[in-house]
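The values are calculated or read from the model by the stated rules, or taken from the named source; none is laboratory data. What you are looking at is a predicted structure, and each value in this text was computed from that prediction instead of being measured. Heads up, the Cβs are rebuilt from the backbone with ideal geometry, glycines too, and the neighbour counts pull from every protein chain shown. SASA here: full protein model, heavy atoms, side chains in, ligands and nucleic acids out. Shrake-Rupley method; radii C 1.70, N 1.55, O 1.52, S 1.80 Å.
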Amino acid sequence: MSRQRSKRFELPPGQENVDKLEKVVKDGNYYGAQQMYKSISARYVTAERYAEALDILHSGACLQLAHGQVTCGAELALLFVEILGKGKIPYDDETLDRLRKIYEGFPRVPLPQHLWDVDDMQQLSENLGCAKIRVEGCSSFLKAAIKWSAEFGTSSNGAPELHILLAEYIFSESPEVDMNRVTYHFVRGNDPIKFATNLVSFLGRCYPGEDDLAIARAVLRYLSLGNLKDANILVDEIKKQTQASEVEFPKTDLMQFINFLLQTMERDAFPLFNMLRANFKSCIEREPAFNELLDDIAEKFYGVQRRNPMGMFGDIFKMMGAE
């Protein structure tokens, strides 16, 4: 016990190491600085001086990212979140601001809208590799932060603000956007208007037949979480933004189903809900997860026991995009 107590006093104030390591980074010794950030912060953790360990790791993550060292920055960002958990730090606005500052350090490099339009294939290959590293690094950091916020915050799904950040980064930085993943996080966020803006952007560049699926997927995921309000806001905002732009709102049977469904959810009309499912069966079955989500919606809004003939495979379909 005495040895542990003496260790606490042997360590200098954390800011001294923050300043020292900042100089190492600015001198261009990124690898050396990385090893020092990890070893020095670990000493403060061992001494249970979590606040100072967090200061060191936060400074390191931001500095490495600012100098283009994405892999190093992402590693320190993950360690920052790990120490939040070890120190049992509660989720609050101050910590959210610190997480957001790290997030803002991840580079944003525009990629061509259509990859086949690029002449220099070697440069394109390098750009795609860098984009993959950026997205994987930022995603790992934010997914860890979401998991921490679910444990030490008020939302069992994780902080909605963090879900929004992750959805935005995946959408803007992925070479090939996975709208399943983007949707999974946006519907657990708190900004359906921002989600609508991203969806309208997707409608303007997606392949034929993907537009109505993207909108339907978003609405059904909102409803499966019991969130009728944001589902309605989303559709209204998409219609509003498409009218003001050159992007066309899809006019398909699936969109007609979604329109009728939203009206049906406003009242206690389970027979009408079932009738809609039967009448629009063919367009619903365009995506395997839709029937699973509709089962969840029936349980959420009408108290109907969820049927799951596909067993665990149905859950896998429904959760696609969670990672």
Across segment 53-64, the tally of residues that are open to solvent by 20 Å² or more (accessible area, probe 1.4 Å) and either without any contact (Cβ under 8 Å) to a residue 40 or more places away in the chain or among the hydroxyl-bearing types (Ser, Thr, Tyr) (or both) stands at 1
When segment 154-165 is checked residue by residue, the ones that are among the small types (Gly, Ala, Ser) and either closer than 15 Å to residue 80 by Cα or open to solvent by 30 Å² or more (accessible area, probe 1.4 Å) (or both) are 155, 156
Residue check, residue 146 against (1) open to solvent by 10 Å² or more (accessible area, probe 1.4 Å); (2) among the hydrophobic types (A, V, I, L, M, F, W, C); (3) closer than 25 Å to residue 232 by Cβ, all met but one. Which one? (3)
Quick check, is residue 42 aliphatic (A, V, I, L, M) and over 21 Å from the mean Cα position of the chain (by Cα)? yes
I need the full set of residues from segment 65-93 which are open to solvent by 50 Å² or more (accessible area, probe 1.4 Å), part of a helix (DSSP H, G or I) and touching a residue at least 24 places away in the same chain (Cβ under 8 Å), in order please. 66, 71, 75, 78, 82, 86
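Any idea which residue in segment 196-246 is farthest from residue 301 (Cα to Cα), counting only those that are in contact with a Pro (Cβ under 6 Å, 6 or more places away or on another chain) and open to solvent by 10 Å² or more (accessible area, probe 1.4 Å)?
As a first pass, look at segment 196-246 and keep what is in contact with a Pro (Cβ under 6 Å, 6 or more places away or on another chain): 211-212, 230, 233-234.
Narrowing the set further to residues that are open to solvent by 10 Å² or more (accessible area, probe 1.4 Å) leaves 211, 230, 233.
Numbers: 211: 27, 230: 15, 233: 18 Å.
Looking at the filtered set, the residue picked out is 211.
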Output the residues belonging to segment 273-313 that are at pLDDT 95 or above and loosely packed, with under 14 Cβ neighbours inside 10 Å. 275, 278, 281, 282, 285
Of all residues in segment 171-185, which are open to solvent by 40 Å² or more (accessible area, probe 1.4 Å) and of a type outside the set (S, T, N, Q)? 175, 176, 178, 181
Could you tell me which numbered condition residue 168 fails, if it satisfies all but one of (1) closer than 28 Å to residue 53 by Cβ; (2) open to solvent by 10 Å² or more (accessible area, probe 1.4 Å); (3) at pLDDT 95 or above? (1)
For residue 248, only one of the following conditions fails: (1) within 27 Å of residue 201 (Cβ to Cβ); (2) at pLDDT 95 or above; (3) over 26 Å from the mean Cα position of the chain (by Cα). What is its number? (2)
Among the residues of segment 97-111, are any over 18 Å from residue 71 (Cα atoms), open to solvent by less than 100 Å² (accessible area, probe 1.4 Å), at pLDDT below 95 and not acidic (Asp, Glu)? yes
So, residue 128, is that one in contact (Cβ under 8 Å) with a residue 24 or more places away in the chain and surrounded by fewer than 23 Cβ atoms within 10 Å (Cβ to Cβ) or not? yes
When the residues of segment 1-27 are narrowed to those that are open to solvent by less than 40 Å² (accessible area, probe 1.4 Å) and modelled with pLDDT under 95, which ends up nearest to residue 86 (Cα to Cα)? 14
Pairing a residue in segment 228-243 that is in a helix (DSSP H, G or I) with any residue that is open to solvent by 70 Å² or more (accessible area, probe 1.4 Å), where Cβ atoms lie under 6 Å and the two sit 6 or more apart in sequence or on different chains, gives 237/193
